[in-house]
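Peer 1: To start, I am sharing the structure in question, which I have written as structure tokens.
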Amino acid sequence: MIEHKNFSNIESDRLLLRNVNNEDVDFIYKLFSDETVCKYLYDEEIFTSKNDAIEFVEWNKDPEEKGYNRWVLVKKDANHEPIGTCGYDNWDRMNNIAEIGYDLWHEYWGQGYMKEALISAIESGFNHMKLNRINAYVALDNVNSMKLLEKLGFVNEGVYRDKHLFRGKYYDHYSFSLLNRDWNHLKDTNFQNNRHK
């Protein structure tokens, strides 16, 4: 009998999504110590030492046991360069809801990589985790992230007030959601010819 996995590695056209491991510490540190990448990430302080990255990797290891994960997005080219991460957290198994998060090295913004990765991650969430609803929270000024979620069929349900306390100030976030039934309706018509736009 084949063991069912909620957080398998995934391949898309240009990317491999694989669960984070000890080899990723240097990249994770580079990613989350960069002020441009972290501009709208109010849920955690910017990384200041490699220990922060080690803790991140440890936290996200063994996802099948823990029920949350972080995939590293690796380009399927000769260099196998890691360019970002995405994954699921706050999995409510009673109601089949989880929260998706994502981040991308700034040199790759606007090239369709995150859309491609999220299509694969969303498919995995609905098919493997059996989710009915995926939540995503976006800082009010993060216009590009909002546009990306809307392209993927997420609905902006309004403002989640004072979602994160960051450096002594509370930050509102938009609350987005995607339902399985809406995804099934959208994906066949919108994404097959349009995956990288």
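The values are calculated or read from the model by the stated rules, or taken from the named source; none is laboratory data. If you're wondering where the values come from, they're calculated on a predicted model, not measured in any experiment. Methodologically, a virtual Cβ is constructed for each residue, glycine included, from the backbone with ideal geometry; neighbour enumeration extends over all protein chains shown. Each accessible area value is taken on the protein alone, full model and side chains, heavy atoms only, with ligands, DNA and RNA left out. Shrake-Rupley method; radii C 1.70, N 1.55, O 1.52, S 1.80 Å.
Peer 1: Among (1) 23, 21, 18; (2) 30, 18, 15; (3) 27, 20, 17, which one is semi-axes √(5λ) of the Cα gyration tensor in Å computed from these coordinates?
Peer 2: Entry (1).
Peer 1: Starting from the Cα gyration tensor of the range 82-197, take the square roots of the eigenvalues, sort them a ≥ b ≥ c, and report rounded, prolate or oblate (rounded when a/c is under 1.5, otherwise prolate if a/b is larger than b/c, else oblate).
Peer 2: Oblate, because a/c is 1.5 or more while a/b does not exceed b/c.
Peer 1: A further question on this structure: Trypsin sites (Lys or Arg not before Pro), restricted to the range 1-96: which are DSSP loop and have at most 16 other Cβ atoms within 10 Å?
Peer 2: Filter output for the range 1-96: Lys5, Lys39, Lys61, Lys76, Arg93.
Peer 1: Could I ask something else about it? May I ask for the longest run of the chain untouched by GluC sites (Glu not before Pro) that are loop-located per DSSP and have at most 10 neighbouring C-beta atoms (other than their own) within 10 Å? Provide the component values of the computation, followed by the final result.
Peer 2: Working: sites that count: Glu3, Glu35.
The segment 36-197 is the longest one with no such site.
Peer 1: Most mobile of Gly101, Gly168, Gly158 per a Gaussian network model of the chain (Cα springs, under 10 Å)?
Peer 2: The residue that fluctuates most here is Gly168.
Peer 1: Let me ask you something else. Shape of the range 28-108 from its Cα gyration tensor (a ≥ b ≥ c, root eigenvalues): rounded if a/c is under 1.5, otherwise prolate when a/b > b/c, or oblate?
Peer 2: prolate
Peer 1: Using helices alone, I'd like the mean residue ellipticity at 222 nm for the chain: each DSSP H run of four-plus residues gives -39500 (n - 2.57), total over residue count, nearest 500.
Peer 2: -8500 deg cm²/dmol
Peer 1: Where does the charge balance sit around Phe47 when Lys and Arg score +1, Asp and Glu -1, over other residues with C-beta under 10 Å from its C-beta? Mind showing how you got there, number by number?
Peer 2: Numbers: positive: Lys30, Lys50; negative: Asp34, Glu44, Glu45, Asp52, Glu55.
For residues surrounding Phe47, the net value is -3.
Peer 1: Of the heavy-atom accessible surface of the chain (probe 1.4 angstrom), what whole percent is carbon and sulfur?
Peer 2: The C+S portion of the solvent-accessible surface of the chain is 45 percent.
Peer 1: Let me ask you something else. Could you give the length gained on full extension between Lys187 and Lys30, defined as 0.36 nm per residue of separation minus the Cα-Cα distance, in nm? Mind showing how you got there, number by number?
Peer 2: Numbers: separation 157, 0.36 × 157 = 56.52 nm, distance 3.36 nm.
Result for the pair: 53.2 nm of gain on full extension.
Peer 1: For the range 1-110: lysine pairs with Cα atoms under 25 Å, gap of 8 or more or different chains, count?
Peer 2: Number of lysine pairs found: 16.
Peer 1: Comparing Ser33, Ser49, Ser177, which has the greatest mean-square fluctuation in the GNM of the chain with Cα pairs linked when under 10 Å apart?
Peer 2: Evaluated over the chain, the most mobile residue of the options is Ser49.
Peer 1: Looking at the chain as a GNM with Cα springs under 10 Å, which of Tyr113, Tyr40, Tyr68 has the largest mean-square fluctuation?
Peer 2: Comparing Tyr113, Tyr40, Tyr68 in the GNM, the peak value goes to Tyr40.
Peer 1: May I ask you to list the trypsin sites (Lys or Arg not before Pro) in the range 114-178 that are in a DSSP loop and have at most 16 other Cβ atoms within 10 Å of their Cβ?
Peer 2: The qualifying sites are Lys130, Arg167.
Peer 1: List the residue ranges in the chain for DSSP H helices whose C-alpha atoms run 18 angstrom or more along the long axis and whose Kyte-Doolittle average is -0.5 or above.
Peer 2: Long hydrophobic helices here: 113-127.
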